[in-house]
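Have a look at the structure below before the remarks.
Each reported figure results from applying straightforward, stated rules to the coordinates on display, with no laboratory input. Since the structure is predicted, the reported quantities are computational estimates derived from the model, not experimental observations. Glycine also receives a Cβ, built like all others from the backbone with ideal geometry; neighbour counts cover every protein chain displayed.
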Amino acid sequence: MKLVVDSGSTKTDWGFFNTVYDLKAVKTQGINPCHQSEEEIRSIIRNELLPNTQSIDLTAITEVFYYGAGCATQSICEQMAALLKEFIPNAAIAVDSDMLGAARALCGHAEGVACVLGTGSNSCLYNGKAIEDQVPSLGYILGDEGSSAALGRRLIGDCLKRQLPEAVSREFMERYSLTKESIIESVYRKPLPNRFIAGFAPFVYEKRAIPEVHKMIIQCFSEFFTRNVINYHKPWLPVHFVGSLAGSFAEELRETADSLGMTIGKIEASPLSGLVDYHATDKA
């Protein structure tokens with residue numbers, strides 16, 4: 001049995017399989033070793049994963065392919081591999097970035113530009129085997145253009161700076177019981193502010209037909225393309241997307257790409273099935 005894991009800052013998908021036809025998927029909260037301690041990650045595995053895998057013999061798993069947010073250095077990858085080994089002792093464990101996972105899920109063994117749009121955002125130029133070039137994401141403070149965090153940040157700013165219709169701003173603040181003071185507290189003083197601001201993306205989606213909100217969405221996606229994708233200098237390649245936000249805003253992504261003369265390839269809400277396909281083949 002094999003295990004493929006796709007982990008973002010908000011949610012983690014665990015896929016146990018022998019073939020592509022007998023996949024058992026389990027969902028837990030997100031894991032990011034840059035923001036969470038080893039004990040916090042152990043707690044997620046112990047309390048959220050293990051109770052939902054009682055029918056699976058974890059000692060029978062021979063291979064684990066873990067693709068995770070925050071797994072950008074060798075030391076962090078080794079740390080995650082050692083932690084997973086505590087629960088899956090007999091497996092060969094490979095830990096890589098969530099970006100490589102997205103590229104393998106979207107492009108398989110073909111060349112293309114792979115992008116992640118979820119809580120955060122990222123992209124890469126993939127040559128069919130490995131990541132050939134990558135514009136750095138830089139996180140929700142310096143980057144993450146086009147992500148849920150970027151949309152949430154822009155929504156909050158536009159509401160407080162009176163850039164949206166008054167009725168929309170009032171509904172937003174009332175629905176989430178927000179004040180300017182509570183927003184400042186959550187963003188600057190509480191843990192995981194990226195999750196806080198990213199949590200408002202559903203409101204943006206709900207109001208996406210309002211002209212001012214639609215304009216805001218297109219501007220956010222345009223920033224993603226112009227600050228990331230264009231820098232790969234291969235406009236003829238298809239641009240693929242994966243992530244919860246990409247799945248929700250597929251229409252707006254296509255509209256933005258078309259305005260910039262780019263071609264959209266696949267848009268998938270989750271990379272899990274693509275990764276299972278990839279690792280179920282002999283080529284993997």
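What to note about this one:
- The helices (runs of 4 or more DSSP H) found entirely in segment 136-215 that carry 3 or more residues being under 20 Å from residue 253 (Cβ atoms) are 148-160, 201-206.
- Of all residues making up segment 115-138, the number that are touching a strand residue (DSSP E or B) at 6+ places or on another chain (Cβ under 7 Å), of a type in the set (Val, Ile, Thr) and either buried (at least 24 other Cβ atoms within 10 Å of the Cβ) or closer than 17 Å to residue 67 by Cα (or both): 2
- Unique residue being loosely packed, with under 15 Cβ neighbours inside 10 Å and either in a loop (DSSP other than H, G, I, E, B) or in contact (Cβ under 8 Å) with a residue 24 or more places away in the chain (or both) when the list is 89, 51: 89
- As a summary of the residue check, residue 64 satisfies the conditions (1) more than 30 Å from residue 229 (Cβ to Cβ); (2) more than 18 Å from the chain's Cα centre (by Cα); (3) surrounded by fewer than 19 Cβ atoms within 10 Å (Cβ to Cβ) except for the one numbered (3).
- The set of residues in segment 131-185 that are farther than 15 Å from residue 216 by Cα and among the basic types (Lys, Arg) comprises 170, 175, 180.
- Residue within segment 29-39 that is among the β-branched types (Val, Ile, Thr), touching a Leu at 6+ places or on another chain (Cβ under 9 Å) and either part of a strand (DSSP E or B) or surrounded by 16 or more Cβ atoms within 10 Å (Cβ to Cβ) (or both) present: no
- Positions within segment 242-279 being touching a helix residue (DSSP H, G or I) at 6+ places or on another chain (Cβ under 6 Å), within 21 Å of residue 10 (Cα to Cα) and hydrophobic (A, V, I, L, M, F, W, C), in sequence order: 242, 245, 267, 269, 275
- Residue satisfying all of: in segment 231-253; assigned to a helix (DSSP H, G or I) and exposed (fewer than 15 other Cβ atoms within 10 Å of the Cβ); nearest to the chain's Cα centre (by Cα) among these: 251
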